[in-house]
Structures are given as C-alpha cells and as structure tokens.
Amino acid sequence: KFLLLVLLPGPVVMIDGSAAFLRDRDDPSEPPFHGLIVLDNRAGYFLIGLDVRWKKDAAQGDVADISGSMEAYFNYRDPTLWHLWLGKKDPMAARIQARFAKTFTANSYFMLDASQLAVGVWIGTSNHYNWGPVGADLEAWLSADANVNFKPSQFHAGIEFYGHFAIKVFKFHLSITLDASLAADVATP
C-alpha cells in the first residue's frame, strides 16, 4: 500500500508506503516495511527513509525481535550536505535493535556524511530475579564505538565493559560492580 503526493509548483513528490512479503494478504498485523521517498525541488533535496520491524513468533517476538531504520539524504544545491545513516547513535532507541529470546539485546549504528564516519555496537542484558525473600539483579553489557573525521583528520575508538550483580536476602544486600573502558585517539597536526 502506498500514497503518492505531487505538489505544484515545485514540484514536490512524496511516496509513502508499507509492504509485507510472504504472508497472507488479509493479515491484519502491521506490515514490517515502511518507506518514505521525498523529492523537494523547492528546498533542493532528495530523501529516502526505510523502517523495518521483524519478529519471529510474530505475536510476542519471543525468539527474535529486530527493528531498524535507514535514511539517505542528498541536497543537490549543496553537494557537501548528504548523509547515509543505518540507525543513529543517539538516542540509543534510534539504533538498529535486535532482541533475542527476550534476554539479550544488541544494537548498532553506521553514520556516514561528508565530514565523518561513525560506527558502533552495544550488546547486553539486564534482568531482575525474585525467589520469595531472595532477589537478584544482573546487568552486563559491552559497547564499542569508532569515529573517523575527514577534515581535520582524526580517529577515535573506544570500548567499554560494564557488569553489575546484586543479591538481596531479607534485609541483607551484596553487590559487585565492574566498569572498565579503553579509548584511543589519533589526530594529525
């Protein structure tokens, strides 16, 4: 299903649509693909956006739940204004997301434009367990990011690990936390 919109003068052409593959036509659930294409001659840009959401065990996403977005932009009046984004660094909810067995979550991003390339990945879990008077919390994640600036030439990379375990028995608490990071920067004079 799609909508085609043409505005004159301009012209401004917009196509907005949704699609589903390999399922019944009368399936009432939301299609996994949503796309937007805009050509705005008045503002001088071309934009393509795509959102995807896929679930295995479609009702709940118990096995896998994957979602993400892509955006490509080009300003044809200023060739330095362009970008290609697969997910976004911030906020973390705008990254390409994958959740497996409702336990582990992973996300990533790839952002390229005329001035820099930024990539990153995060994987982790956070759970709370309760067994009567005993409770436990577990949080662990690993994050890695890299950024390359083209002018001036600079490179930054970092990796961080975080782990936290806490247990509570009646009114007694015990917790252990580990937080470690490593970063590298290279710049040309």
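The values are calculated or read from the model by the stated rules, or taken from the named source; none is laboratory data. Being a predicted model, the structure only gives us computed values, none of them experimental. With ideal geometry, Cβ positions are generated from the backbone for all residues, glycine too; neighbour counts draw on all protein chains shown. Surface accessibility is based on the protein's heavy atoms, side chains included, excluding ligands, DNA and RNA. Shrake-Rupley method; radii C 1.70, N 1.55, O 1.52, S 1.80 Å.
Points to keep in mind about this one:
- Estimated translational D of the chain in µm²/s (Stokes, Kirkwood radius over Cα pairs; 10 °C; 1.306 mPa s): 78
- Backbone N within segment 113-131 under 13 Å of label point (7 Å from residue 144 Cα along the Cβ vector): 119-123
- Partners of residue 88 within straight-line reach, counting aspartates and glutamates whose Cα lies under 20 Å from its Cα and excluding those fewer than 8 residues away in the same chain: 51, 65, 71, 113, 145, 160.
- Summed over the residues of the chain and divided among them, the accessible surface reaches 68 Å² per residue at a probe radius of 1.4 Å.
- Long-range HN-HN contacts of residue 95 with modeled amide H, under 5 Å: 88
- Our compactness index for segment 145-186, the C-alpha radius of gyration over the empirical 2.2 N^0.38 Å, is 2.01.
- Over 29 Å apart at the Cα level, from the set 55/168; 1/102; 56/171; 1/89; 56/89, are 55/168; 1/102; 56/171; 1/89.
- With every protein chain in place, the chain: carbon and sulfur % of accessible area (1.4 Å): 66
- Percent of C-alpha pairs per 5 Å bin, segment 1-98, short to long: 3, 11, 17, 18, 18, 14, 10, 6, 3, 1
- Here is the list for segment 1-41: trypsin sites (Lys or Arg not before Pro) lying in DSSP coil, each with at most 10 other C-beta atoms within 10 angstrom of its C-beta, are 1, 25.
- DSSP loop chymotrypsin sites (Phe, Trp or Tyr not before Pro) with at most 15 other Cβ within 10 Å: longest gap in the chain: 77-149
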